[in-house]
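Asks: Below you will find the structure I want to go over with you.
Read-outs: derived from the displayed coordinates by stated rules, not from any lab. Predicted model only: the values in this text are computed from it and were never measured.
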Amino acid sequence: MSRKMIDCRAVPNEVGCTLTIAGEEEEVLDAAVDHAIAKHGHAPDPDLREQLRGALQDAEVALA
C-alpha cells in the first residue's frame with residue numbers, strides 16, 4: 001500500500017499551521033481528524049474525515 005500525506009499548508013487554515021502528516025491512509029486520516037479538531041477548531045463532524053480524505057496526496061519520495 002502506498003503512503004499518503006496531508007499538509008496543512010495545502011489546506012486553507014487560519015492558524016498558519018505547517019504540519020505534514022504521512023503514513024498509511026487510515027493512520028493519516030485518524031491523526032488529521034484529531035489534529036483538525038484540536039488545533040484548527042473543527043467540530044467532530046462525520047463529514048470532516050471525508051473532506052480530509054479528499055486532501056490526501058501520495059507521500060513525497062523523501063517521506064516514503
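Asks: With θ taken as phi - 60° and the coefficients 6.51, -1.76 and 1.60, list the Karplus ³J(HN,Hα) couplings across the range 39-55 in order, rounded to whole Hz; mark glycine and proline as x.
Replies: Going residue by residue, I get 9, 9, x, 6, 7, x, 8, x, 7, 4, 4, 6, 5, 5, 4, x, 8 Hz, with x marking Gly and Pro.
Asks: Over the chain, what is the relative contact order in whole percent, taking alpha-carbon pairs under 8 Å and six or more residues apart?
Replies: Values: 73 pairs, mean separation 26.1, N = 64.
That works out to 41 percent.
Asks: Let me ask another. What base-10 log of the normalised intensity I(q)/I(0) is obtained for the chain from the Debye formula, alpha carbons as equal point scatterers, at q = 0.24 Å⁻¹?
Replies: Relative scattering, expressed as log10 I(q)/I(0), comes to -1.02.
Asks: With the chain treated as a Gaussian network of Cα nodes joined by springs under 10 Å, which of Ala43, Ala22, Ala31 yields the largest mean-square fluctuation?
Replies: Checking each option, the largest mean-square fluctuation is seen for Ala43.
Asks: Pull out the extension gain between Arg9 and Gln57, defined as 0.36 nm times the separation in residues minus the alpha carbon to alpha carbon distance; nm, one decimal. It would help to have the intermediate numbers written out before the result.
Replies: Working: separation 48, 0.36 × 48 = 17.28 nm, distance 1.27 nm.
Taking Arg9 through Gln57 to full extension adds about 16.0 nm, to one decimal.
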